[in-house]
Structures are given as structure tokens and as C-alpha cells.
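All remarks here apply to the structure that follows.
Read-outs throughout are calculated quantities, based only on the coordinates presented, and are distinct from any laboratory measurement. If you're wondering where the values come from, they're calculated on a predicted model, not measured in any experiment. Note that we place each Cβ from the backbone using ideal geometry, even for glycine, and neighbour counts take in every protein chain shown.
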């Protein structure tokens with residue numbers, strides 16, 4: 001009881017310089033890694049999830065862990081219990097901070113320029129002035145197993161077939177199966193399409209699957225020269241599912257033509273069916289409203305119309321950046337508008353895009369984000385007083401697209417450097433004694449700090465110039481086995497090796513990683529990192545991670 005009372009009087013964040021007794025003390029012996037962290041990526045707003053986290057603490061202590069990283073959205077009612085459990089088990093608390101904005105309007109947006117809206121009955125709706133048409137998009141025209149008007153079709157009669165028995169509508173569908181018969185594991189069909197530059201588009205289709213492994217059905221819109229993609233969104237497909245409808249949304253950017261693909265780039269077994277596909281221009285879906293994403297409306301005669309005077313403020317009442325498509329909002333005219341019935345309007349605005357199934361990127365320049373980050377940091381600091389903070393600057397795939405970012409006339413790398421420097425200063429101002437860490441990828445020239453990264457407008461090179469000497473790197477590029485660690489060591493930055501990543505069951509990968517970096521200065525620790533709630537290997541992995549370098 002005396003021990004519990006003494007620990008309850010201690011600050012919540014355990015000081016790493018004063019190791020507790022037991023397995024953790026042994027793990028911090030000279031010559032071994034000092035920081036043995038466990039990564040938790042769960043909804044910490046849910047008290048039941050916090051309970052599940054706490055249940056792992058005794059096991060973590062026994063395996064030599066001395067820190068746990070978790071999201072800062074912690075349920076206030078569980079803060080005291082989390083602190084006490086961490087102290088009892090000798091675990092530092094590391095709060096993951098600086099994530100995406102709470103305000104959906106602060107997502108980074110791509111520009112739509114001069115989309116055509118036509119006024120009728122007191123409102124204006126989108127009318128495509130250069131309609132996109134996919135020929136034979138319903139797969140009704142064919143000869144044998146060949147679909148007419150598609151530019152190419154992989155392995156007709158081997159992996160791609162006309163199916164007259166299974167279809168969503170009409171008399172036939174496109175069936176793909178046994179993709180592993182293709183040497184490159186490809187099974188695709190492609191058609192060139194025309195686009196209007198800087199417009200918002202929706203791809204709609206129906207898909208059915210049966211024993212599809214891997215379930216990696218994709219639709220891609222690629223630039224005609226093949227240099228890069230216009231669409232970055234993927235969809236979730238079950239191994240077996242009945243007909244299901246999907247929408248993906250993309251921006252045409254500067255392109256007037258593109259190549260539309262559907263199929264699989266890494267298939268093997270099973271079947272999938274495609275039917276009733278379409279591509280259409282859409283308007284104002286998830287329109288963003290903040291100063292950095294202005295909306296402009298003018299008549300084709302050049303008249304600039306005013307929001308409030310000529311038309312009601314433009315918003316999307318269903319704004320949801322993680323939901324690609326919903327009913328398109330219209331523009332409502334104000335009672336005393338100068339806009340006339342039948343008038344053709346040109347509307348410019350900004351909208352978000354999804355990368356993969358559900359990933360969006362917040363604007364790097366929006367002032368509101370820094371205000372939110374400061375408030376979040378103060379909250380979690382008051383609740384649990386963490387020993388360190390891990391900044392969530394990773395996998396930023398849409399950068400330097402909105403008007404605010406472009407007004408700064410900086411490269412994406414420079415924008416990110418300024419952002420992370422300011423973020424770290426927020427932590428210093430609130431907790432000058434706390435450790436500060438950040439993921440490596442966006443500051444790593446061997447990882448994501450490169451040219452032509454997804455929908456990043458410009459180069460991310462030089463982003464690492466925003467990292468001060470007291471900011472540590474949580475390095476998760478395990479496939480390089482430490483080859484990128486030298487770069488950060490040369491910058492004088494300390495590092496934690498963020499291993500496991502749901503694939504190192506016996507710890508052999510972290511052992512190799514440690515071996516390859518044993519001569520580098522600043523390698524301070526390792527973190528068992530699972531994004532899929534996999535903790536079965538945390539004990540075996542720890543034996544390799546905390547052991548003396550081979």
C-alpha cells in the first residue's frame with residue numbers, strides 16, 4: 001500500500017532518467033537501448049478501449065517495455081486510472097499529438113476553376129460544358145470475350161471474360177478471374193477519356209466478388225503520359241460480396257485527357273465482376289469554406305457576383321471529406337440578386353480528395369490548426385502530464401494546393417519545415433521539459449521527402465530543415481533495415497526504431513535493423529508499432545529489440 005501511495009504522489013509521466021526497479025531497470029542498463037516503447041492506436045475517447053490498453057501494461061512491463069504511445073483524445077474519466085497504471089508498471093506516457101484538424105473545412109483542397117452552373121428557378125446547378133463519356137461502360141457491346149471500344153483488355157478469354165449469366169444490369173458484365181495466370185499479376189481494361197482541366201469528377205461503378213484474394217480491385221485515372229495519377233482513392237472490397245456500388249472522386253488538375261483503368265495490379269485467385277460504370281463532372285461536393293479556400297462566382301460576361309448580395313453563402317450541408325460523394329448542393333440566389341434566370345455562371349472553389357480508402361490531409365498553413373493543436377496539447381498535458389509527445393506529421397499526401405499555401409510562394413518542403421518547427425515550439429512553450437518526437441517519413445529523402453509525391457504540388461525536399469536538434473525521429477522505414485538512419489544521424493538527431501509494423505513475429509527484422517545501426521550515434525530506442533491491434537508478438541519481438549546488438 002505504501003508503494004501505491006508513493007507512486008500516486010509522483011508526476012504522471014515517469015522520468016526516463018530514473019528507472020523503476022524490475023525488468024525495466026535491467027532493460028535500461030548501460031549499452032542497451034533506453035526507450036522501449038509500445039504503440040497503441042485505438043480510440044482513446046472510448047473508456048472501454050482505455051481499459052484494454054491498461055490491461056496490457058503488466059505484460060508490457062514483464063517484457064521490458066518502459067513507455068506507451070497513445071492518442072491524445074483520451075477520455076477524461078479514464079485519465080487518473082491510466083496514470084496510476086502507468087506508474088505501477090514503470091511506463092512513461094507518450095502522447096500522440098498534432099493530428100488532423102477537427103474542422104472539416106481545414107482539409108487541404110484542390111482547385112476547381114470556372115465550372116459551369118446554369119440558373120433555373122432561383123437556383124444554379126452544375127451543367128458539364130465538356131461532358132465525359134465512357135463508351136460501352138455497361139459492357140453490353142462485345143465479340144466473344146472482347147469488349148468493344150476499350151483501348152486494351154488484358155488476356156481476353158484467360159483472365160477477362162464476357163459474363164452473360166452474372167450481371168448487375170443489361171445482358172452482360174465484365175468478369176475477371178484467375179489473375180495469377182498473368183505473369184505480372186495484372187488484369188486490366190483501359191479506355192482514354194476526355195476531361196476539362198481543373199474540375200471535380202466522380203467515377204461510379206458496381207462490383208461483385210467471389211473468393212477474391214487478394215481483394216485489391218481498383219479504379220485508376222492516370223495521366224495520358226503515364227507520369228502520375230489523377231485519382232488516389234481506393235475502395236474496400238470483401239473477399240466475397242454481392243453487387244455493391246462505389247464512388248470515387250478526383251480532380252482533373254491540368255489535364256484535358258486521361259486513361260481510365262479498372263482491374264487488379266496484384267491479383268491471384270478468385271473472381272470479380274464489373275458493371276454499369278460512369279464518369280461525370282460534379283460540382284460543389286464537399287466544397288471547403290475557409291479563407292484559404294475562396295469561392296468565386298461570376299457571369300460569363302465577366303460580372304463578379306457577391307456572396308450574400310447576389311447568392312446565399314455556398315456550403316455543402318453534408319460536408320464530409322472522408323465520404324467521397326453525396327448529393328450535389330446547388331447555389332441559391334438571394335432575394336435581390338442581379339443574376340438573371342437562365343444565366344450561365346462560372347464558379348471556382350476548392351474540394352478535398354481522399355487517398356486510399358479514408359486518408360485526407362489537413363492544410364499545413366491554416367492558422368486554426370495551430371490553435372487546435374495548442375488546445376489539444378494543453379488538455380492532454382493537464383490530464384496525464386506525458387513524459388514526451390509524438391507529432392503526427394506523417395504520410396501527408398496533399399500539400400500546397402489551396403490558395404493560402406500557394407500565396408506563400410514556398411515549396412511543399414518549405415511549408416512542412418515551417419509547420420513542424422512551429423508545432424515543436426508549441427510543445428516547448430507548454431512543456432519545455434518534455435521529449436519531442438516525430439515520424440521520419442516526411443523528412444526523409446529516402447522515404448517521402450521527395451518530388452512527385454501523390455497530390456503534393458512541388459517537391460518535399462528540404463522539409464528536414466525544420467527539425468531542431470531536440471526533435472527526435474521515430475523511424476518506421478523498416479524495409480531499408482537502417483539505411484536511412486545515417487541521414488538523421490548526420491543531422492545530429494536521435495532516433496527510435498519503429499519496428500514490428502504487423503510483420504515481424506519473431507523479432508528477426510528488428511534484430512537486423514539494430515545490427516545495421518549499432519555504430520550510429522543517437523539510436524535511443526525501439527517501438528513495437530502495430531496499426532492492426534496485433535499484440536501477440538510483443539513479447540518475442542521485445543527479446544530481440546532490447547537485447548545487446550549482435
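So here's what we get for this one:
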quantity: Tensor-based shape of the range 142-282 (alpha-carbon gyration tensor, a/c under 1.5 rounded, otherwise prolate or oblate); calculated: prolate
quantity: In degrees, nearest ten, helix 412-430 long axis to first principal axis of the chain (Cα); calculated: 40 degrees
quantity: Percent of Cα pairs exceeding the 13 Å cut-off, where the set is the range 336-378; calculated: 75 percent
quantity: Projected-area mean, the chain, by convex hull of Cα positions, square nanometres; calculated: 28.6 nm²
quantity: Crossing angle, helix 508-517 versus the chain [Cα axis fit, 0-90 degrees, rounded to tens]; calculated: 70 degrees
quantity: Nearest 10 degrees, 0 to 90: helix 367-384 Cα axis against the chain principal axis; calculated: 30 degrees
quantity: For the range 77-153, Kirkwood radius (reciprocal of mean inverse C-alpha pair distance, Å); calculated: 20.2 Å
quantity: Burial order of peptide ranges 170-180, 128-138 (average beta-carbon count within 10 Å, highest first); calculated: 170-180, 128-138
quantity: Net length gained if the chain between residue 520 and residue 506 were fully extended (0.36 nm per residue, minus Cα distance); calculated: 2.6 nm
quantity: Residue-averaged 222 nm ellipticity for the chain, from DSSP H runs of 4+ at -39500 (n - 2.57), nearest 500; calculated: -5500 deg cm²/dmol
quantity: Rule-of-thumb Rg ratio for the range 305-442 [Cα; 2.2 N^0.38 Å; N residues]; calculated: 1.40
quantity: Percentage of interatomic Cα-Cα distances in the range 413-482 larger than 16 Å; calculated: 50 percent
quantity: Extension gain, residue 465 back to residue 348 (0.36 nm per residue minus Cα-Cα distance, nm); calculated: 38.6 nm
quantity: Volume per residue of the C-alpha convex hull in the range 26-170, rounded to whole Å³; calculated: 350 Å³
